[in-house]
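S.K.: Following this message is one structure expressed as structure tokens.
Each reported figure results from applying straightforward, stated rules to the coordinates on display, with no laboratory input. Only a predicted model underlies this, so the values are computations on that prediction, with no experimental measurement involved. Cβ placement follows ideal geometry from the backbone for every residue including glycine, while neighbour counts extend to all protein chains displayed.
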Amino acid sequence: MNEEFIASFNKSDWQKITTALKTYVIQKEEYLKTRNVGDREWNEVDEYNVLINDIELYVLGGMQ
């Protein structure tokens, strides 16, 4: 069941979202470094980096 929701966020909201995502990625990477995990786990984290880059480029216009 995939429902589509329409939401409106301002620039400040998007900056907070990217900051939260970056914080999550940092924490997850630190956790993964302490474990002997495979590529799957690292690829999952990389998906968040792609999302961050997309938001910064397409939503915030390249602002970081």
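S.K.: When you check residue 46 against the structure, is it under 10 Å from the mean Cα position of the chain (by Cα), part of a helix (DSSP H, G or I) and more than 20 Å from residue 7 (Cβ to Cβ), yes or no? Talk me through it step by step, then tell me what you get.
M.R.: On the way: under 10 Å from the mean Cα position of the chain (by Cα): yes; part of a helix (DSSP H, G or I): yes; more than 20 Å from residue 7 (Cβ to Cβ): yes.
Criteria met by residue 46.
S.K.: Looking at 48, 31, 58, 24 in this structure, which one is free of Cβ contacts under 8 Å to residues at least 12 places away in the same chain and surrounded by 12 or more Cβ atoms within 10 Å (Cβ to Cβ)? Walk me through how you get there before you give the answer.
M.R.: Values: 48 fails: free of Cβ contacts under 8 Å to residues at least 12 places away in the same chain; 58 fails: surrounded by 12 or more Cβ atoms within 10 Å (Cβ to Cβ); 24 fails: free of Cβ contacts under 8 Å to residues at least 12 places away in the same chain.
When all the criteria are applied, what remains is 31.
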